[in-house]
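*Asks:* After the structure tokens below, expect a handful of questions from me.
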């Protein structure tokens, strides 16, 4: 991956009013920042304003560590929800898997090639089938079998590990376990799942079997943030492909794998590049 | 449209067994027929065999009117559900509309250009807004307002008209009325609807509003045969397009129009060209 | 079409430097404008900055007619190429046609429904086949047959008509004539063509025949601004669809029509909504 | 991969005439074969008939090794080009690579998962960068650096290796070398390449750079059989994805990788499943 100059990225949402762009861009300009991306959106139904602005740290007169402090009065003035990110920080990503390997391979290959700018300190499996895959990529693998009668115990182990490793984002790469509400709440908008249907069609188990039974002519995959409601979280990315009566359930599964990989990695990339603002149960994607 | 040589088209399904292709192709060959298309499918779950075979009538030694009689013993031998069609018959199509005009224009333009090989003896509206459109294309328009307290009365009028005109296929071109079970049964697998979502997502009313609320990144349209269960009939064709957080409900409606037109006309064309076999609640499409 | 509040739209490009967003947004804010869209792009190869900013005229303290004058010093300071537009002005669109009707119908239907916000004061044909279409939509039709030995004479007639009608944009809706360099220069970046291939594949005549010969598995359509070089102008929009060995040239032509209509209307809409900046032989599309 | 019952697959083309289906299906039926797929196509321009027919060997009264001999008289009668394949034979595939790894990983993962039914006895590189990848999958890697002044010498080495290994199909997985006419002729219709553009656009070197310069809104990838004319061979599969002015050349390369992998593996799968008939410079794909 070519080295890029480090940048600061500000993601914000607030009640829509006049002067937000002017004030934020003035803040960057007066501190000698060079804006390289600026994107905004207004949700007219709720009069909510969204912004993503990215500028080069090189030459910026405020040290990175002091930007948040200096920006806070502006944020307060407009009642912003906001977060500040730096492009030279490599987010720490944990991947949760079961037995299916295609999404794990895809993620680790994209991390290896630099297409996904992240570290993967750990892969956790509720089965140990994919341990060799993690090891091939030089990644630690933890085998945490799930005791169905005490899911919380397993999640405590995971949380402990994630805390010790400083995990920023958790990717469910065809992880066939439902997380508890407490876990999901702790990592709100930081757990990304891939569901193998074009949601909201075919929620729940065995979506390819459902699609086969319904006789659809298109199948899909959906990546979304995980919430306490199964398959109901904010959608980040979706894609579809055509199928026909000639496709058996096995064919749907095979065709779906390509979708799942591409949609999941797309969603992870958008998250890693700080291009997503969650808004209610929807996402604003600044791509 | 270029004139094509007239052909016979045989659509059949039956329990799968050895010798079906051999026997059917022998029937055509021994009567001096030139096969121009032959397609088959086996549903392995139910061991059901499907076939579409098309041959030129030119030079065929059996007159068109006698083919069915001569084929009947073969059909019985294999316990076939079957139908025989002739490409030089122009099916009679009725179009039911409400106030929305884009699907009606699209169908009538495609009939006019010869892309859809059909006659349209009548357009029926439960509103009269689209009367001028029908008239521009030289098509009779009937205004049959629906009395919600007596839907059956309206349908009796329709059935009477369809019978008198010899209607073969009924297209619901954004017709905003639910048909009774009796009507649907009478025209089984001959009523084609366009639903403005990628079914089974967003069944029922206002699918674009539902899609907007759910925050999907893809919207779709689905054309299907109408059954007594709302939006549950066998799917013929589907298509989708990408949307984003920038799209308002109005944008979804606008983008969806392109899908609706293309998907509906595609389904109608498949039906008119005798390329669909309905099987349970699914379709086999020989395209 | 729902009435929207009138807005001002500023399109600009200039050498990239610090402070452009800050200055432009300050200009809008200090005159009490409410920005509803703001989009920007930096071409890093050439260090060129592009911006589209749209704000409500309602409440803006500068009358519409004086905005350009007041903005001029800012434009000069940054050495901008710029243009100012108002959303409540309905651009005047001329459509040039030959014998093929699908793009003309599509454009006029979208104008009629309000999806394309334009007036169509005239349709000009080098054949008179489509006169009834124009008339159905209440649009003037001019039959200007082209004398191949004196193309310029025909274009002089067209220019005279366009001048008298105040034409803003010229759409070639499958117009099978090559325009002279002089004509193209006069209406630079205001003549939009639809070419029935995914350019740069299959430049020139009979692209569907070329596609058939090459055995491609995908066909496309491309809408672009017309320049003096045939089919080489800046591309605005493209789309494709799958084909197979089963598709004859006639099938490609039929499938291509859907693409042509959708791609051309998409390009025209982007132009009418002032979302395109031409940059060398490429386009920046703020959609 | 689920074990399937072994089948025989007959691929044929011949001058179109009456009775071909009847005779071929009779041949299968009279020898007690159960046809599980039968597909045909007639090229009306050249009056050429194409057929793919697949039947279960289980219960077939002719031993696999004798089928060709018994079928030969039928083939002669209709002047057929034909080939006979057996689904339980695992074709031997050689992969040629340079430095780029995504297509190699993709192929080897799909072979590993059983999605591609092939053996890979050797990966050959003109660089040795990808040796560890081959080794991870337990595949022999040969480093054959190319001497530009004596390409033929290198190809002789390759041919010797392929002969000794009984190679059936050669896949160029982003192999950045042009093969000689002699090599291509020897493995006619058995060398599959992936070109990173939607051919015939952007033939030759650096197609993503060409696409960037032209300002296209869609990029693609094309898999084709290699012939002596660079990038001119029969196209097997193509796919595209949307791009915009925001995409740098690096972005096009990144987005293109997904296309390249999927299109190449799709083409290889069609070949391995004996679903392709080459006809002049085009392909008939029985999928």
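Any read-out appearing in this document is the output of simple, stated calculations on the displayed coordinates, not a laboratory observation. Everything numeric in this text was worked out from a predicted model, so none of it was measured. Neighbour counts run over all protein chains shown; Cβ positions are idealised from the backbone, glycine included.
*Asks:* Using only Cα atoms and rounding to the nearest 10 degrees, what angle (0 to 90) does helix A:102-112 make with the longest principal axis of chain A?
*Replies:* 40
*Asks:* Further question on the same structure: How big is D for region C:80-164, in µm² s⁻¹ as a whole number, if Stokes-Einstein is applied with the Kirkwood radius of its Cα pairs at 4 °C and 1.567 mPa s?
*Replies:* Values: Rh = 14.1 Å.
The diffusion coefficient I find is 92 µm²/s.
*Asks:* Provide an ascending nm list, one decimal, of label-point separations from residue C:131 to the equivalent residue in each further copy; define each label point as 7 Å from Cα along Cα→Cβ.
*Replies:* Label point to label point, same position, other copies: 3.0, 7.9, 8.5 nm.
*Asks:* Still on this model: Where in region B:89-108 does the label zone of residue B:255 land, with the point 7 angstrom along Cα→C-beta and an amide N cut-off under 20 Å?
*Replies:* Hits in region B:89-108 for residue B:255 at 20 Å: B:102-103.
*Asks:* 7 Å from Cα along Cα→Cβ at both residue C:61 and residue D:88: what's the point-to-point distance in nm?
*Replies:* Each label point lies 7 Å from its Cα, and together they span 8.8 nm.
*Asks:* Between the helical axis of B:20-30 and the dominant principal axis of chain B, each derived from Cα atoms, what acute angle in degrees is found, rounded to the nearest 10?
*Replies:* 70
*Asks:* Label position 7 Å from Cα toward Cβ: report the copy-to-copy distances for residue B:185 in nm, one decimal, ordered from shortest.
*Replies:* When each copy's label point is compared with this one, the spacings are 5.3, 7.2, 7.6 nm.
*Asks:* Additional query: Tell me, in nm to one decimal, what length is gained between residue A:214 and residue A:113 on full extension, where the rule is 0.36 nm per residue of separation less the Cα-Cα distance? Walk me through the intermediate numbers first.
*Replies:* Working: separation 101, 0.36 × 101 = 36.36 nm, distance 3.93 nm.
Using 0.36 nm per residue and subtracting the Cα-Cα distance, I get 32.4 nm.
*Asks:* Dividing the Cα radius of gyration by the Kirkwood radius, what Rg/Rh value follows for region C:230-287? Please report the intermediate quantities before stating the final value.
*Replies:* Details: Rg = 14.2 Å, Rh = 13.0 Å.
Result for region C:230-287 is an Rg/Rh of 1.09.
*Asks:* Hey, got the average number of other protein chain Cβ atoms within 10 angstrom for residues in A:31-41?
*Replies:* Mean number of neighbouring Cβ atoms from other chains: 5.
*Asks:* Among D:230, D:130, D:252, which one moves the most in a GNM of chain D with springs linking Cα atoms closer than 10 Å?
*Replies:* Highest fluctuation among the options: D:230.
*Asks:* Taking the label point 7 Å from Cα in the Cβ direction, how far apart in nm is residue A:113 from each other copy of itself, listed shortest first?
*Replies:* 1.5, 4.0, 4.0
*Asks:* Follow-up question, since we're still on this one. Please express the Cα-Cα pair-distance distribution P(r) of region C:92-285 as a list of whole percents, one per 10 Å bin, running from 0 to the bin with the greatest distance.
*Replies:* 9, 37, 38, 15, 1
*Asks:* Based on the alpha carbon coordinates of the protein assembly as shown, what radius of gyration and maximum Cα-Cα distance (Dmax) apply, in Å?
*Replies:* Looking at the protein assembly as shown, its Cα Rg and Dmax stand at 31.2, 92 Å.
*Asks:* Other chains near B:250-257: what is the mean number of their Cβ atoms within 10 Å of each residue's Cβ?
*Replies:* Numbers: counts 2, 0, 0, 0, 6, 0, 0, 3.
The per-residue average across the peptide is 1.
*Asks:* If one takes the longest principal axis of the Cα atoms in chain C, at what angle in degrees, from 0 to 90 and to the nearest 10, does the Cα axis of helix C:249-272 lie?
*Replies:* 20
*Asks:* Right, next: Using the Kirkwood formula on the Cα atoms of region B:1-134, what hydrodynamic radius do you get, in angstrom to one decimal? Write down the numbers at each step before the final one.
*Replies:* Details: mean 1/r = 0.0574 Å⁻¹.
Evaluated over region B:1-134, this radius sits at 17.4 Å.
*Asks:* According to a simple spin-label model (label point 7 Å from Cα along Cα-to-Cβ), what is the distance in nm between residue B:206 and residue D:242?
*Replies:* 2.7
*Asks:* Pick out which of B:121, B:145, B:207 has the largest mean-square fluctuation in a Gaussian network model of chain B, springs linking Cα atoms closer than 10 Å.
*Replies:* B:145
*Asks:* Normalised radius of gyration for region A:7-86, please: alpha carbon Rg relative to 2.2 N^0.38 Å, two decimal places.
*Replies:* Dividing the Cα Rg of region A:7-86 by 2.2 N^0.38 Å gives 1.04.
*Asks:* OK, next. Report the residues of region D:17-35 in range of a label on residue D:68: point 7 Å along Cα→C-beta, backbone N strictly under 19 Å from it.
*Replies:* Only D:28 pass the distance filter.
*Asks:* Cut-off 10 angstrom, C-alpha nodes, Gaussian network model of chain C. Which of C:98, C:13, C:25 fluctuates the most?
*Replies:* Evaluated over chain C, the most mobile residue of the options is C:25.
*Asks:* Between region D:43-75 and region B:79-95, what is the C-alpha centre distance in whole Å?
*Replies:* 33
*Asks:* To check you understand DSSP bridge types, tell me what percent of the beta bridges within chain A (both residues inside) are antiparallel, rounded to 5.
*Replies:* On the way: 38 of 53 bridges.
Once the DSSP bridges in chain A are tallied, antiparallel ones form about 70 percent.
*Asks:* Select the chain A residue whose beta carbon lies nearest to the rotation axis carrying chain A onto chain C, and write the distance in whole Å.
*Replies:* Spelled out as residue then distance in Å, it is A:25, 3.
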